[in-house]
Amino acid sequence: MNTVEKVLLLQDIEFLTRAPTESLARLAAVASHEEVPPGARLFEIGDRPQELLFLVSGQVTLTNREDCSCTVEQTGLDFLSVLGEVPHIVSARVLTGSRLLKVSLDDLVELLSSDAEFSWRVLRHVSRVGRGTCSGDPVPEYPRAMFAASETRSSE
């Protein structure tokens, strides 16, 4: 997958929709593409993040310690844990065949330190996650919002 194709996929991620094309091109240039089959585990609660995963197509189920889950599409997965470099607070399992763009922590830090516009968009997103809302809907990365409104019990 080339950089232009990655940019087009990243533009569909909510907090990146209005990001400058130059910022998305820098992000796309360091992102690797991976297709993941249904049932694959992306990470478990307590795993240390190694990279930021952007879910660009398909669905992933996030599950917390209480076995409550929600399904997400087109988002950064467990964004707060990645940025804080702390263990994941949820597990992630691929529900439908999915495509991911992966960005290493080192590349993410480099991009954040060199691109003010991209950094501003990330800060705004983190602020919304911290408040528990994004466009008025619960944000899956944040535990209070993740499981409050539409709680479901996992069948596993």
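The values are calculated or read from the model by the stated rules, or taken from the named source; none is laboratory data. Since we're looking at a predicted model, the values are computed, not measured. Using ideal geometry, Cβ is built from the backbone for each residue, glycine included, and neighbour counts are taken over all protein chains shown.
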> In the stretch 59-81, is there at least one residue being closer than 21 Å to T21 by Cβ and not small (G, A, S)?
Replying inline: yes
> If you check every pair at least six apart or on different chains, which have Cβ atoms under 9 Å apart with a residue in the stretch 1-19 that is within 16 Å of V126 (Cβ to Cβ) first and a residue that is in a helix (DSSP H, G or I) and of a type in the set (K, R) second?
Replying inline: F15/R121; F15/R124; F15/R128; L16/R121; A19/R121
>> For a quick check of your reading of the model, give me the residue pairs whose first member lies in the stretch 105-124 and is at pLDDT below 90, whose second is aliphatic (A, V, I, L, M) and assigned to a loop (DSSP other than H, G, I, E, B), with beta-carbon atoms closer than 8 Å and at least 6 apart or on different chains.
In response: E117/A19; F118/A19; R121/A19
>> Given (1) within 22 Å of V7 (Cβ to Cβ); (2) within 13 Å of the chain's Cα centre (by Cα), identify the lone condition not met by V90.
In response: (1)
>> I'd like to know if the stretch 29-42 contains one or more residues that are among the β-branched types (V, I, T) and touching a helix residue (DSSP H, G or I) at 6+ places or on another chain (Cβ under 7 Å).
In response: yes
>> Residues that are part of a strand (DSSP E or B) and either out of contact with any helix residue (DSSP H, G or I) (no Cβ under 8 Å at 6 or more places or on another chain) or crowded, with 18+ Cβ neighbours inside 10 Å (or both): does the stretch 103-119 have at least one?
In response: yes
